[in-house]
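Single-structure report; data block below.
The values are calculated or read from the model by the stated rules, or taken from the named source; none is laboratory data. Bear in mind the structure is a predicted one, so any value in this text is a computation, not a measurement. All Cβ positions, even for glycine, are placed from backbone atoms using ideal geometry, and neighbour counts span all protein chains on display. Accessible surface areas use protein heavy atoms only, side chains included; no ligands, DNA or RNA. Shrake-Rupley method; radii C 1.70, N 1.55, O 1.52, S 1.80 Å.
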Amino acid sequence: MPKGVLVDITRCMGCKACQVACKQWNDLPSGVPEFKEGLTSPPEMNGYTYTTVRIEVVEKANDYTMRSAKRQCMHCEHPACASACFAKALQKDPKTGAVVYHSHLCVGCRYCMLACPFDIPKYQWDKQFPLVAKCQFCFDPKGKYDRLGYGLQPACVDTCPTGALKFGERDELLKEAWQRINSNPKYIKHVMGEKEAGGTSWLYISDVPFETFGFRRNLGTRPLPEYSHNFLKWTPFIAVGWGTLLTVLYHYTKRRQQVASESGKQDVHM
């Protein structure tokens, strides 16, 4: 069954151990600390940062409290990025649930960046031959950075000291998420990722609004590729029909030119 990760925002203390583990496992440069607003560094994911821990101060029960949440690729059940990629550089692995980027197939069109409802894929703008960058769920078919294929947890989950991240079967994690919510009134009655955009492999529960960490609440439950499919399914018919129409117009125009040319010759002889 597809894997997943349950993120319990109430248990995250913002230590960023997951962020460091991700960079270490994937051989990513540490970079220079950049604090734009608050303690989140870097402020957003980029071509060399697959995950960030967003730290926010929120008002709760007439008081202020600090909450933090890890952000990364959500590994959608029906990934819009993979649907938009005509080169098949992004593919979903049915066994692990990971949406994997295959750099050797990428043509650099960046359609995936436009299609993603969570604004996840980033681009290595500073490189001469840039690549798209995103979390691979620690699944690498080539084996170099693979963990899931060897039965290991993702590096970020393995290093979390508070248990804010739990790896397992998606269905089982979803059951546990609702058990925690129903057993404790502090939680919001919602699992982020259960149904959003058709569902995601990463699931979130929280006691503060999910919008605090940049999540969109207007995604709906319908998989995004279904919207494009309703239009793209007519592409072959439109292409054939348009080609046929142009062919008919070409022969019609050519015939008129021939008739006009023959009429001109007859007028000259007369």
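Summary table below
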read-out: Among residues of segment 51-72, those that are touching a residue at least 24 places away in the same chain (Cβ under 8 Å) and in contact with a Lys or Arg (Cβ under 9 Å, 6 or more places away or on another chain), counted; value: 14
read-out: Enumeration of residues in segment 71-102 that are over 20 Å from G47 (Cβ atoms), touching a strand residue (DSSP E or B) at 6+ places or on another chain (Cβ under 9 Å) and surrounded by fewer than 19 Cβ atoms within 10 Å (Cβ to Cβ); value: H78, Q91, D93, K95
read-out: Residues being farther than 27 Å from F215 by Cβ and surrounded by fewer than 16 Cβ atoms within 10 Å (Cβ to Cβ) - total across segment 103-143; value: 13
read-out: Enumeration of residues in segment 152-179 that are open to solvent by 30 Å² or more (accessible area, probe 1.4 Å), of a type in the set (K, R) and either more than 17 Å from F139 (Cα to Cα) or not in a strand (DSSP E or B) (or both); value: K175
read-out: Yes/no for R147 being within 16 Å of W25 (Cα to Cα), basic (K, R) and at pLDDT 90 or above; value: yes
read-out: Residues of segment 181-211 satisfying the condition of being in contact (Cβ under 8 Å) with a residue 12 or more places away in the chain and open to solvent by 30 Å² or more (accessible area, probe 1.4 Å); value: K186, I188, H190, E194, K195, P209
read-out: Given (1) farther than 22 Å from G4 by Cα; (2) aromatic (F, W, Y); (3) modelled with pLDDT of 95 or more, number of the condition F167 does not satisfy; value: (1)
read-out: I205 vs. criteria of a type in the set (V, I, T) and over 20 Å from the mean Cα position of the chain (by Cα); value: no
